[in-house]
Amino acid sequence: MSKLHLYKYKGDKCQHCEKSISEVLSRYGVIKRIFEFHHIKPELKDPNYSNLIKQKTSTKQLKELDKCVLLCSECHKILHSQNDNVELELRIALNERVISKKISGWLITDHISKIKKFITDEAYLLQPYVLKTKNKEEIYIAFEILNEPSILFNLVNNLDDNDELSLYSLANMTQVFFAKRTSDQLNIDIHSLFRIVNIETLGSFKGQNFWVQGGFFLDESNTAISDFNIHLTAEAGKLILNNIV
Ligand SMILES: [Zn+2]
Ligand SMILES: [Zn+2]
């Protein structure tokens, strides 16, 4: 089965040399064995990884890929050959609250350009957001906190009638998430700029499961769509896809 949708999910290019999947495909017509997933923490690699990666999209598969970065096979070999595993600590201050995060990664050193490149998939988790609720204050919140399992979806579930909640990316003030409850219906809009991770299957569409994760819409038939806005409604606790644009 093609892994193209998984490559897209992980950025569609080698995180070190930036060689892209489409570049290789259009130039050589093949992709097999040219790109690989590297586990940032190899000790967390699923023992059944090679089977899991061949199967159709699942929560388990996406969670496994969340532990990885995409590299071309040459850069992957250089990374393992240099074997320079490091941990950095990043801090951001939001409303006098300091949030810090230790980030594991690998350094690849270029001895000619004297550049060390830090290879990780975790950095964006510190991205700040503003949460706005009707008649209430704005809350500044880091993705790191939103990412804790189901915090956002608990907030959504606890909305009262006619209440709404929206989430803006502080980087560009784009609305990335919106939820509103009206009588018996719950409407949710999600923008692809909102890189939700750490969720279970988001909902179902024509009997198939789908996920909105890492800035992508993914479904069981192995499509990966970036740059979208999806509209969901909840009925009887289940999220149903209305449309994707
Ligand atoms: Zn590379
Ligand atoms: Zn590796």
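We did not get these values from a lab; they are worked out from the coordinates using the rules stated. This structure is a prediction, so every number in the text was calculated from the model and none was measured.
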The chain: most fluctuating residue of 23, 138, 96 per GNM, C-alpha cutoff 10 Å: 96
Rg(Cα) / (2.2 N^0.38 Å) computed for the chain, rounded to two decimals: 1.10
As computed over the range 83-123, the Cα convex hull volume per residue (Å³): 72 Å³
Approximate shape of the range 127-244 as ellipsoid semi-axes (Cα gyration tensor, √5λ), whole Å, largest first: 22, 18, 12
Cross-link pairs beyond the 19 Å C-alpha cut-off, checked among 132/180; 8/101; 8/32; 8/102: 8/101; 8/102
On Cα atoms only, tilt of 73-82 relative to the major axis of the chain in degrees: 80 degrees
Aspartates and glutamates whose Cα lies under 16 Å from that of residue 238, excluding same-chain neighbours fewer than 8 positions away: 184, 189, 200
